[in-house]
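So the structure is just underneath, and the comments pick up after that.
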Amino acid sequence: MADKQQVTIDGVTYQQSELTTAAKIQLSHLRTAEQQIARIKQRLAIAQTARMAYADALKAELPKETMH
């Protein structure tokens, strides 16, 4: 498990206590953005699953014989 007092960026590990205030703010923004992306991906997966279910339900309601 990663140490919460450290952060690794581009393969380099930094002690958070050594970061500037500006770097800590950017790190906080980065973490917030990552959390938002994760939530959006989860919502997208839910929407895609619902879309498939609606498409299947629609197909079940379509007439079996079609006129061409």
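The values are calculated or read from the model by the stated rules, or taken from the named source; none is laboratory data. On a predicted model such as this, the values are computed, not experimentally measured, just so you know. A quick note on method: Cβ atoms are made from the backbone with ideal geometry, for glycine too, and the neighbour counts reach across all protein chains shown. Surface areas here come from the heavy atoms of the whole protein model, side chains and all, with no ligands, DNA or RNA. Shrake-Rupley method; radii C 1.70, N 1.55, O 1.52, S 1.80 Å.
Mind checking which of Ile40, Pro63, Ala50 is farthest towards the positive end of the chain's charge dipole, using Cβ charges of +1 (Lys, Arg) and -1 (Asp, Glu) about the Cα centre? The Cα lying farthest towards the positive end belongs to Pro63. Of the solvent-accessible surface of the chain, computed with a 1.4 Å probe and all protein chains present, 59% belongs to carbon and sulfur. In order along segment 44-59, the phi-based Karplus estimate (6.51 cos²θ - 1.76 cosθ + 1.60, θ = phi - 60°) of 3J(HN,Hα) comes to 5, 4, 5, 5, 5, 5, 4, 4, 4, 5, 5, 5, 5, 5, 4, 4 Hz; Gly and Pro are listed as x. Within a straight-line Cα-Cα reach of under 26 Å, Lys4 can be paired with the following lysines, leaving aside sequence neighbours fewer than 8 residues apart in one chain: Lys24, Lys41.
Compute, for the chain, the length of the dipole vector about the Cα centre, with Cβ point charges of +1 (Lys, Arg) and -1 (Asp, Glu) only. Units Debye, rounded to 20. Dipole size: approximately 180 debye.
Calculated accessible area for the chain comes out at 96 Å² per residue, all protein chains present (probe 1.4 Å; ligands, DNA, RNA ignored).
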